[in-house]
Amino acid sequence: MKFLLSLLFIYSIQIQAQIFRLNVDTTNIPPQLRPTFNQLIQDTENNINQDIPANSPQRLMKGMADSSAMAGKGQSNDYITHFDAFVVGAGLGIGADLTENKELDSDLSGAGVQAGALLGLNTAKFLPEKFLGLDTERLNLMMNFFTMDFDRKADDSTVGANLLSMGAILSYKMIEGKGNRLLGWDGVRIHTGYQYNSTKFNFTTKINEVLANEDIGGGSSVSGTITGSPQAEVDVATSSIPIELSTGFNFLYFISFYTGIGVDLNHGQAKGVGKLNGDTSTLTCTGGVCGGVVNATVTPESDINYTEKVQPTFTRGFVGFQFSVPYVRIFVHANHAFGTELYSASTGLRLAF
């Protein structure tokens, strides 16, 4: 579990790296060499960020807020489990904004995660037969909770993270199904409740890019080392009220399929705070047009000081598959917010009694 979360957070952190920029003072560089010299700096900047999908920091904060709200959909609810008294389980959900940025060759604009332990109760076990006009045999209450802190080091990067998620969902079977577990329609259920997801993480890393006698034309070459120690914090906290309708089918006792639509009412934001702690590095131009020794300075900079709110509403479709054997349920679930490139997927295991 920690390994998977570490990969997600390190990947999210690496996304931030694309916003590291190199500011250069070329006053002392001969004018005819400046275009080539500037291209060298651009190539170096790209090399620092190579193989890192990215987007602008403002768009990234937006994508992370939206992905956070989507991450728990399906993981913190149950759509087709048959149980008499209660169900317990655990799952993991991951959300991603797959909006592309062609300028930065990126196909990811944000990611979110939600894990949790789940407890579901058939309300007939602790409420009267009728409650607020509802048949409690058809009414289930699902509750989820998860919290974890961890630190992980990878190469020159250190990641610290704090996760917290919680929620409660009421599910009511509006229309009874037909058939049986061998072959049958499960009916129509309505679901609503409240979900909260918070992800706070920080990271530190190092930049140490060496330029060794790089040819910039005119018989001239550039040497030097660009250094920096970037730090950043990203705080994502979102709340969501889902309103869903679902239906499903059962086959051969152990296979179930379900699908549905939903509207999510969302609140919250993603906030980034970063600083580079960049050193002003000296690059030396020698030989050719540069004549003797000519110096240029390069200063890395970073800025993720943006706050973006989650999209207020999602209209969403979802599908899921569940494999059932006595007492054990294994499920996979997928969501898509219509009109966006926002997706999420979840999986988990449950024990039904």
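Summed over the range 203-260, the residues that are under 30 Å from Gly177 (Cα atoms) and either in a strand (DSSP E or B) or free of Cβ contacts under 8 Å to residues at least 24 places away in the same chain (or both) give a count of 18. If the condition is being without any contact (Cβ under 8 Å) to a residue 60 or more places away in the chain and loosely packed, with under 14 Cβ neighbours inside 10 Å, then the range 138-158 contributes Thr147, Asp149, Asp151, Lys153, Asp155, Asp156. Of everything listed in (1) in a loop (DSSP other than H, G, I, E, B); (2) at pLDDT below 70, the single unmet condition for Ile10 is (1). Scanning the range 22-56 for residues that are modelled with pLDDT of 80 or more, part of a loop (DSSP other than H, G, I, E, B), out of contact with any strand residue (DSSP E or B) (no Cβ under 7 Å at 6 or more places or on another chain) and surrounded by 12 or more Cβ atoms within 10 Å (Cβ to Cβ) gives a single hit, Pro30. State all residues of the range 143-177 that are in contact with a Gly (Cβ under 7 Å, 6 or more places away or on another chain) and closer than 16 Å to Ser246 by Cβ; if no residue qualifies, say none. Ile169, Leu170, Lys173, Ile175, Glu176, Gly177, listed by residue number. Within the range 142-157, the only residue that satisfies the criterion of being touching a helix residue (DSSP H, G or I) at 6+ places or on another chain (Cβ under 8 Å) and either within 30 Å of Asp84 (Cβ to Cβ) or aromatic (Phe, Trp, Tyr) (or both) is Phe150.
Residues of the range 118-133 that are farther than 15 Å from His82 by Cβ and under 32 Å from the mean Cα position of the chain (by Cα): Leu118, Leu119. Please work out if Glu176 is in contact (Cβ under 8 Å) with a residue 60 or more places away in the chain and touching a strand residue (DSSP E or B) at 6+ places or on another chain (Cβ under 8 Å). Here the answer is no, as Glu176 does not meet what is asked. State whether one or more residues within the range 261-279 are assigned to a strand (DSSP E or B) and more than 28 Å from the chain's Cα centre (by Cα). No, the range 261-279 contains no residue that is assigned to a strand (DSSP E or B) and more than 28 Å from the chain's Cα centre (by Cα). Given Thr158, Thr147, Thr123, which one is in contact with a strand residue (DSSP E or B) (Cβ under 7 Å, 6 or more places away or on another chain) and modelled with pLDDT under 90? None of the others qualify; the one that does is Thr158.
Can you find a residue in the range 172-193 that is β-branched (Val, Ile, Thr) and crowded, with 18+ Cβ neighbours inside 10 Å?
Looking through the range 172-193, none of the residues is β-branched (Val, Ile, Thr) and crowded, with 18+ Cβ neighbours inside 10 Å.
Does Leu342 satisfy the criteria of being closer than 23 Å to Thr199 by Cα and either at pLDDT 95 or above or surrounded by 21 or more Cβ atoms within 10 Å (Cβ to Cβ) (or both)? Judged against the criteria, Leu342 is a match. Filtering the range 203-233 to residues that are surrounded by 19 or more Cβ atoms within 10 Å (Cβ to Cβ) and farther than 14 Å from Thr284 by Cα leaves Phe203, Thr205, Ile207, Gly228, Pro230, Ala232.
The values are calculated or read from the model by the stated rules, or taken from the named source; none is laboratory data. Keep in mind it's a predicted model, so treat the numbers as computed, not measured. Note that we place each Cβ from the backbone using ideal geometry, even for glycine, and neighbour counts take in every protein chain shown.
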